[in-house]
Structure formats: structure tokens, C-alpha cells
Amino acid sequence: MFRVCLNIALLLLFFSIKGQHYFYGNTQRLYSLEAIAYQSGNNAHSITKPYNFHVENKCSFSDSIFQLGVFGYGSDTNSSRAVILPVFDIDFQLSPTTNNTYLSSGFGVQCELNFHPKVSFFSRYSYRSGQASEYILASINNRGTIQGLGFLEDSSNQFKIHELDLNLSAALNDYFLVSIGRGKNFWGDGHRSLLLSDFAPSYPYLRIESEFWKVKYINLYSVHRDHFYSSDKQNKFSSSHLLSWNIIDGLNLSVFESVVWSGKDSLNRRNFDVNYLNPIIFFRPVEYNIGSADNSFLGMNLKATIFKKHVLYSQLILDEFLLKEIRASQGWWANKYGFQLGYKCFDIFKLKGLGVQLEYNRVRPFTYSHVSSLQNYGNANQSLAHPLESNFSEILTRLLFQKDNFSCQLTYAYQQHGGNTFGNYGGDMFSSYSTRMGDYNHSVLQGDLIQQHYLGLNLSYLLIAKSNTAFFSRLDFRNYLTLQKENNLLFSMGIRSNIWNTYLDY
């Protein structure tokens, strides 16, 4: 399937196309661009990331809004030259609670070619190795993984990971943009996403973006790995749609749907199911038509921008539910849903570069799970949505300041999670819901309650803007209460090139 998608993408290069450019990076790098996306008032769609704005007619910004870095490589949105840069991941970690030290290292190369106005190409390869700290291993629902990258090698907690991200994209005209590659996608306006986040490792995808009037419509076909079901790697697939509608300036409504299925079932090898190639069909009718028990989701995102500086946003995810069971209020297990409420503000106190964010997330037990991990909403033993997966509530606040090449981010979160230590209470999306404890009386935070406080401070100074390479120093503190109270403290410093966010706040 992936080879077929590649051939399609290459054929598209021969069409007449308009200028476009993707913007990669973590929260610190994209803060200025995000501020303009929310405040522009000219029909920019902020829900989809990585950001892509057609250079001619979308947000009115220039390269000068980005941090420039110590070395002179900016965003170059209108440049047709190729840029090849080294990438680094040198991370020294100290755990004061155990007095242990860890060192991970990674080296690679990044290439960007923007054949403006015809086609853009991005690729980054790196090789990373090191040892996981106690802080990472003690994270909720860790299954022998390094967040966002891949798997530990064995019980020694060592990892050696080859990481490849790439994106080849071409615009057919003013309305259609097709991309094929390997990477991540993020759909939402919050720090977390209940629809699709950049938490799990990268995966192959084909993405088709259609934009006209006040509407943006995305088809995303992707391939995911499953290592939880058996010791052998198995493939599963997903097909997702997102419809984003800017109703009026400052008000956006987005509708989401997705389906996940196993590449192989007990009867035959399905691979990519052509029934899900239809770009506009709803998945539930398709499932009933082909007699499938695939895992499907519906969702919604609503965002309102007030006085250009203040943003209210929300999300709703529906995995499965029956209205009569909700009305009965008996805690039926299959009423699986979650919601998000949030607020963010840019340039508070009229200080440019200072932003604040408040967010609340809550997800019922068994959401995102299925009979088998081959059909759940995960990739490489990690969640494609929220890091805490399901059966949790979270209050989170972030303060971010950016000036020139300096960035500072302060995060606090209070999280409650119902664990599965002594049974399946719906807090682990990789556990089959067929092993649940009965059909009724299920509620959020049931099971083995974990209460957790997280406090994190991240300081960085940008060195190379084009590869988002920065010197960083961060402190992560986790206080959690299960049967007894425990503390985890991790100090980190080094040089890192970031395409995506690195999450330690869970």
C-alpha cells in the first residue's frame, strides 16, 4: 500500500502547483506562528499540525517571526535552495532521588528542499542510543518504550533506535495538497489531543488536504505497528477524516472520524482495506456493510477566539455509546467517551512572547481500547491520543515565554488515573476490554487510583533554527500517590534537534 501511495505522490509532481511549506518543531519554536494563526482572522485553520499555509494567500507572516538561531538558517519559506544540516540529541540526565546518571546520544542529518512553487521535501534521519531513566520507566502505562521514539532493547533498559521522518508534498492547485511520508500528525488546539496527537512514534502515512472557501478537509491513511499482541511485529491500519469549518472569523467547528483495523485476522490477511479508501464516507455504515468489528471513533473540536488574544477550545471523543444507557446512569462499560476544555492567551500583560494555557481533560474507562491491541488506538505500544490513555482526569496549566532565541516553559499538572494493577478497570488501552470486571457500575477513576502532581521547567536557547537545534536544560518533578507516596526527580541538559514535542509531563 505504501509503495502505491508513493507512486501516486510522484505522479502528482507533474501537475501545476502553488507554493506551500510545512512548519515543523516543538511548542517553543512554533509559538510565534501559532499566535499569528489564531489571531490572523483570515481563514487560517489552526487545528491541524504540522502547520501548512499556502504562502501567497493565508496568514500574513514573514520569516522574521521565527527565532533566528545563533547560526543563520531561518525558515526560508520562499527559498528554492536545498538546506542540509546535522541534527543532535545529546542528553545528560541526573536522577537526584537515586543518584543515578544517564547519557543518551543521537546524531543524524536533515534535508529540506522547497522547489517553490512546485514541491517541498523534508527528511530527517538520526540514530539514538542510551539508557532509560527511572523517571521514564515509572511513567503510567510504560510498556518498555522510549516516549515518541520506540522500544527498549531488553531488561537492561537500553535503547538503540533508528529514527526517520520524511514528507514529500505537492499541491495540485489552490485547493488540493497531497503528502506522503513518515512522521506524526496532531489534530487539536490544546496541549493534549483526544483525537490525534504527536505522542507515539512516527508512522507511514498518505495525507490529502482539500481547502476551499472556509473549509479544510483532510484524509489521512496511516500504517501502525503492534508489538503488544505478540512478540512479532504486526501491522494495523487507520483511516481518518477531519473537516474544519471556520464558521465566522474567530469561530471554528471541526468534525473527526477514524477507524482502526488489523492487517491480519483469524481468517485471512486483510492489509489495507479498500473499503476505507472512500474519502467522504462515514465509517460506521461501512463497517456494518462489510460485517466488520473494526474500531471506529467520532469526535468534534470547537474553538472560539475572543479579542484575538484569548482562545477558548474544546474537544469531544466518542468511541462507543448508547443514549439509553447514558440515560439509565448505571455506568455501562461501553459508554466510552472523553472531553477537553481549554483556554490559552498570547502576549499577556502586553508582553510579547508571554503566553498562558489552562486545560482540563477527562476520559472514561475502556476508551480507545478493543478486543485486541491490533485494533486499539495505539502505535508501537504507545497512545495515538492522550498519554494517560483512559480512565483519568487531568488539570494542566502552562506558562511560556519566548524572546529572541531564548524560551522558557513552566508546566504544572494534577492527574488522577485509575490503574489496572489488580484487574482490568479500563485504564490501560492495550488490555482487552473482554477481560473487564462486569458490564455495569463503571466510572471514571475506578480501579487502583493514582494521584499525581507534575511540575516541569524547561529552558532552551536556539542554536540552529532550521533544524530547531537548541541547548536545553530542564527539571521534571513527579509526586505520585498509589499505595504509598513516591517522588521522581529528573534533571536534564544537553543539545537537541526537535521536530516534535518531547513529553515528560504525565
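Some observations on this one:
- Top positive-direction residue, dipole computed over the stretch 2-497 with Cβ charges, set G148, L172, I136: L172
- Likely footprinting exposure, S497, S431, fewest C-beta neighbours within 10 Å first: S431, S497
- Using the Karplus relation 6.51 cos²θ - 1.76 cosθ + 1.60 with θ = phi - 60°, the per-residue 3J(HN,Hα) values for the stretch 240-252 come to 10, 10, 9, 10, 10, 10, 7, 4, 9, 4, x, 10, 10 Hz, with x marking Gly and Pro.
- Rounded, prolate or oblate (a/c below 1.5 giving rounded, otherwise prolate when a/b exceeds b/c) for the stretch 86-171 by Cα gyration tensor: prolate
- Order of T98, T502 - criterion: other Cβ atoms within 10 Å of each residue's Cβ, fewest first: T98, T502
- Normalised contact order of the chain, rounded percent, pairs of Cα under 8 Å and 6 or more residues apart: 15 percent
- Rounded to 5, the percent of DSSP beta bridges in the stretch 421-495 classed as antiparallel: 95 percent
- Förster radius 45 Å - calculated FRET efficiency between S434 and I306, Cβ distance, rounded to 0.05: 0.45
- When the listed pairs K308/K344; K264/K336; K184/K236; K160/K236; K303/K324; K184/K352 are checked against a 19 Å cut-off, the alpha-carbon distance exceeds it for K264/K336; K160/K236; K303/K324; K184/K352.
- Paramagnetic reach from Q330 (point 7 Å along Cα→Cβ, amide N under 19 Å) across the stretch 437-458: 437-444
- Computed from backbone phi, the HN-Hα couplings of the stretch 429-442 come to 5, 8, 8, 5, 6, 6, 9, 5, 8, x, 9, 10, 6, 9 Hz, rounded to whole numbers (Karplus: 6.51 cos²θ - 1.76 cosθ + 1.60, θ = phi - 60°; Gly and Pro given as x).
- Calculated FRET efficiency, K352 to V109, Cβ-Cβ distance, R0 = 30 Å: about 0.30 to the nearest 0.05.
- The calculated FRET efficiency for the pair I247 and V70, based on their C-beta separation and a Förster distance of 41 Å, comes to about 0.45.
- Helix-only mean residue ellipticity at 222 nm for the chain, each DSSP H run of n ≥ 4 adding -39500 (n - 2.57), per residue, nearest 500: -2500 deg cm²/dmol
- Residue order, fewest to most beta carbons within 10 Å, for H191, H241: H241, H191
- Computed lengthening from F121 to I280, 0.36 nm per intervening residue step minus Cα-Cα distance: 54.5 nm
- In summary, the chain shows an alpha-carbon radius of gyration equal to 0.93 times the 2.2 N^0.38 Å reference for compact globular proteins.
- Contour minus Cα-Cα distance for T397 and H453 (0.36 nm per residue): 19.0 nm
- Note on the stretch 320-376 and the stretch 128-184: Cα centroid distance 24 Å, given to the nearest whole angstrom.
- Scoring 242-248, 423-429, 304-310, 388-394 by mean Cβ neighbours within 10 Å over their residues and listing the highest first yields 388-394, 423-429, 242-248, 304-310.
- The stretch between W213 and L172, if pulled fully straight at 0.36 nm per residue, gains 13.1 nm over its current Cα-Cα span.
- Backbone geometry of the stretch 481-495 corresponds, through the Karplus equation with coefficients 6.51, -1.76 and 1.60 at θ = phi - 60°, to 3J(HN,Hα) couplings of 10, 10, 6, 8, 7, 9, 10, 10, 10, 9, 10, 9, 7, x, 10 Hz, x marking Gly and Pro.
Values in this text are rule-based calculations from the coordinates and carry no lab data. It should be emphasised that the depicted structure is a prediction, and the values quoted were computed from it without experimental measurement. Glycine also receives a Cβ, built like all others from the backbone with ideal geometry; neighbour counts cover every protein chain displayed.
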